[in-house]
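Below: one structure, written as C-alpha cells.
The values are calculated or read from the model by the stated rules, or taken from the named source; none is laboratory data. Treat the numbers as computed from the prediction; the structure is a model and nothing was measured. Cβ placement follows ideal geometry from the backbone for every residue including glycine, while neighbour counts extend to all protein chains displayed. Keep in mind that these areas ignore ligands, DNA and RNA; they rest on the heavy atoms of the full protein, side chains included. Shrake-Rupley method; radii C 1.70, N 1.55, O 1.52, S 1.80 Å.
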Amino acid sequence: MIKFTPCSSLSGAIVLQPRMVQASLSAQRDEVIGRHRTNVPRNVSMEKLQNGYLFTEISRRKLQHVEKYPNAKLISLGTGDTTEPLPDFIASSMAEYAQALSTPEGYRGYGPEQGYEALRKAIAETFYKDVLVKGTEVFVTDGSQCDITRLQLLLGSGVTIAVQDPTFPAYRDSGVIVGRNGDFKDEARKCRTIQYMNCSPQNNFFPDLKTTLRADIIFFCSPNNPTGHAATRKQLEELVEFARRNGSIIIYDSAYASYIMDDSPRSIFEIPGAREVAIEVSSFSKFAGFTGVRLGWTVVPEELLYSNGFPVISDFDRIVCTCFNGASNIAQAGGLACLTSEGLEAATSLIHRYMENAKMLVDTFTSLGLEVYGGANAPYVWIRFPGRNSWDVFSEILEKIHIITVPGSGFGPGGEEYLRFSAYGNRKCILEASDRLESLFS
C-alpha cells in the first residue's frame, strides 16, 4: 500500500500541456456518445480554457505513480497547502464559538455579507494601521481566490487585463471565464486578450513598464507566486505611478505578505497614491494555516473611482451582497483569535517554521549548483533547469525519487524551464526530500 506523508496533498494550480488537454477532452466526448443531450450550448468562455486548473491530469499522474510504485513513500513539494496543525488557541476559539451555537444565547444565523464589524476593524488595525485603511473598506470573505473571481465579475468582460508572467493562474483563467476570451495562441501558450508582463531574473522579476502597454486592470502578486520575489518599494512606486498615469486599477494580491522578512512593502497602500488606483486581496490561508477553514479579505478604498466618478467600493459591496452570504461565523471567530497578541505570536511561529523549511531547500539546491530563486520572502523556491521542459523535469523527479513538484509552465509561458518547490511540509518531509534531491542531482 502507498505510504502517504503529511505533505502528500495534491491539490494545487496545475496546468496541462495542450496535447494532454486535447486528449482529455476527446475522452470526455467519446464517453457521452449515445447519451441524452440537452439543447443548451456550452459556455464559449469555458471552451476557451485551453490550459488551466486541470487537476485531473496531475491526479492521473499521481494515481499512475501509486499503481506503479505501491510501496513508495510519496512526498509533495508541490501544492501550496499548509501542513502544520492550527495553534491550539485559535482552534479552541472556533470550537468554543461552534459549541455556543447549540445554545439559545450563542446561536447566530446570517451575519453581515461584508463580515462582522469587529473582524473588519481588527484586520484594518493589524495589517493597515500605518496606512489608514478603515474597517468599512475591508470586506471579509471566504478567501482571496474567490475574491479574484468576484472582482472579475465586478469589472466585467469589456476591460483589458495584464498579468505577471509567471504568476498565479487564477488571474488569467477567471478573466477568460467571465468572457475575456480571445483566441488562444498555442505556439506561445497565451490568450490574445491578456497582456503578459515578463518577470524574470533578467529584470529582477519586475516588468519593464516603459515597454508595457496600457491595460485597464493590472494583476500583481507580491511576494509572487511562484517565483517568491517580493517587490521592492521602488518597484511598487513605479507600478503605482504607471497605473495613475494610465488610469488603470491594480489588483494587488498580498496573500504571502506575512512571509516578507526584509523591508519590502507588505501592502500596496504603503505607496503614496495607491488608494486612488488599487484594490488589495489577502488571506488567512497562508498567514494562519486557514487553507481548509477558508477566510480572507479584500480592501477597496473609498477614493477609488471609475471613469465616471462612481465609487468602486459601492459596486463591490453590491457584488458581495448579491453573490455571497458572508464568511462562516465560525471562521471569523478564528480570524479574530488570530489577530490577538497570542494568535499573532502563534501564527508568526508557524511562518518562521515554514521559512526555515524554505532555507533548507534553498541550501540544498545551491549546494547542487542549480539556479535558485525565492525562499527568502516567500515559502516557494523557484529552480531553473536550463533547456529542459518543465513537465519533463517534473516527470523525472516523480519517477526517480517520488517527489511531486509544480511545473513552471503551469504559471505561464515565462515559467518554462523552471519548477516550483513548496516549503509547506513538515520538517521530516523536507529533510527527506532534500536527501532525495541531492542523490538525484549530485
What about Glu113, is it touching a helix residue (DSSP H, G or I) at 6+ places or on another chain (Cβ under 6 Å), under 22 Å from Leu350 (Cα atoms) and surrounded by 15 or more Cβ atoms within 10 Å (Cβ to Cβ)? no
Selection from the stretch 160-185 of residues that are at pLDDT 95 or above and more than 17 Å from Lys48 (Cα to Cα): Ala162, Val163, Gln164, Asp165, Pro166
Inspect all residues belonging to the stretch 421-435 and state whether any of them is open to solvent by less than 60 Å² (accessible area, probe 1.4 Å), in a strand (DSSP E or B), not assigned by TED's automatic domain parsing to the domain that holds Gly289 and not polar (S, T, N, Q). yes
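Does Gly343 fit the bill of being crowded, with 19+ Cβ neighbours inside 10 Å and either not hydroxyl-bearing (Ser, Thr, Tyr) or not assigned by TED's automatic domain parsing to the domain that holds Pro265 (or both)?
Spelling it out, Gly343 is indeed crowded, with 19+ Cβ neighbours inside 10 Å and either not hydroxyl-bearing (Ser, Thr, Tyr) or not assigned by TED's automatic domain parsing to the domain that holds Pro265 (or both).
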For Glu57, state whether it is closer than 20 Å to Phe168 by Cβ, modelled with pLDDT of 55 or more and under 24 Å from the mean Cα position of the chain (by Cα). yes
Being acidic (Asp, Glu) and either assigned to a loop (DSSP other than H, G, I, E, B) or open to solvent by less than 20 Å² (accessible area, probe 1.4 Å) (or both): is that true of Glu125 here? no
Taking the condition of being small (Gly, Ala, Ser) and open to solvent by 30 Å² or more (accessible area, probe 1.4 Å), how many residues in the stretch 347-365 meet it? 1
Run down Leu304, Leu295, Leu336 and say which single residue is at pLDDT 95 or above, open to solvent by less than 10 Å² (accessible area, probe 1.4 Å), under 23 Å from the mean Cα position of the chain (by Cα) and not charged (D, E, K, R). Leu295
Given (1) without any contact (Cβ under 8 Å) to a residue 40 or more places away in the chain; (2) open to solvent by 60 Å² or more (accessible area, probe 1.4 Å); (3) not charged (D, E, K, R), where does Asn325 come up short, assuming only one miss? (1)
Among Ala255, Ala243, which is the only one that is touching a strand residue (DSSP E or B) at 6+ places or on another chain (Cβ under 9 Å), crowded, with 23+ Cβ neighbours inside 10 Å and assigned to a loop (DSSP other than H, G, I, E, B)? Ala255
Residues of the stretch 366-376 being part of a loop (DSSP other than H, G, I, E, B) and surrounded by fewer than 21 Cβ atoms within 10 Å (Cβ to Cβ), in sequence order, are Leu368, Gly369, Leu370, Ala376
Given (1) open to solvent by less than 40 Å² (accessible area, probe 1.4 Å); (2) part of a helix (DSSP H, G or I), number of the condition Glu96 does not satisfy: (1)
